[in-house]
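See below for the structure under consideration.
The values are calculated or read from the model by the stated rules, or taken from the named source; none is laboratory data. Note that the coordinates shown come from a computational prediction; the quantities given were computed from them, not determined experimentally. Every residue, glycine among them, receives a Cβ derived from its backbone with ideal geometry; neighbour counts consider all protein chains shown. Heavy atoms of the whole protein, side chains included, go into the accessibility calculation; ligands, DNA and RNA do not. Shrake-Rupley method; radii C 1.70, N 1.55, O 1.52, S 1.80 Å.
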Amino acid sequence: MPVAAPLRAARRAPDGTASARPGGVPRGVPQLRPTDRFADLLVAVLSGQRPVHAMLRHSAGQAYDELIRLAERGPLRTRGARPVVRDIGWFVPREGAIEAFARIGAGDRLRAMAFRLERGRDLRWRCTAVELGGPR
């Protein structure tokens, strides 16, 4: 389901043991940015692949209510080609906030999605706003 899923195999040291960083994350494995993770999750919810309540602990404020309204219409549900995140861009307006956009493709259709992430006191990112543009 993720667009750029991290590699699962750990690098091996010359002695055959896995060489991992603290926390168990193998060295050299690219880590997904919060924008990548949230874009994938939002696409899964808005295309009907995951239920809206999957975003409950990942959203704050009015964002969850907006997701409920958007998901009811099923804006990214398609026949045939499954929607995927084609490109992501972001802007950091202040420390602890990211405003992101994603181009979502499904077959020959292209949609735009914008969302805002804010880092809480618990250092977890949460979606605080989401908008979806029309087909192009």
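General observations
- Karplus-derived 3J(HN,Hα), 6.51/-1.76/1.60, for each residue of the stretch 73-78, Hz, glycine and proline x: 7, x, x, 10, 6, 9
- Placing +1 on the Cβ of every Lys and Arg and -1 on the Cβ of every Asp and Glu, with nothing else charged, gives the stretch 88-136 a dipole about its Cα centre of roughly 60 debye.
- The tail of the calculated P(r) for the stretch 71-136, taken as Cα-Cα distances beyond 13 Å, holds 67 percent of the pairs.
- Think of a 1.4 Å ball rolled over the protein heavy atoms: the stretch 69-136 then has 66 Å² of accessible area per residue.
- Using 0.36 nm per residue and subtracting the Cα-Cα separation, the extra length available between ILE68 and ALA54 on full extension is 3.9 nm.
- In order through the stretch 100-107: 3J(HN,Hα) via Karplus (6.51 cos²θ - 1.76 cosθ + 1.60), integer Hz, x for Gly, Pro: 10, 10, 9, 9, 10, x, 9, x
- Within the accessible area of the stretch 50-113, the carbon and sulfur atoms contribute 50%, probe 1.4 Å, all protein chains present.
- Fully extended contour minus Cα-Cα distance, from ARG77 to GLU131, at 0.36 nm per residue: 17.8 nm
- Positive end of the dipole of the stretch 77-126 (Cβ unit charges, origin at the Cα centre): among GLY105, ALA81, PHE115, the Cα lying farthest that way belongs to ALA81.
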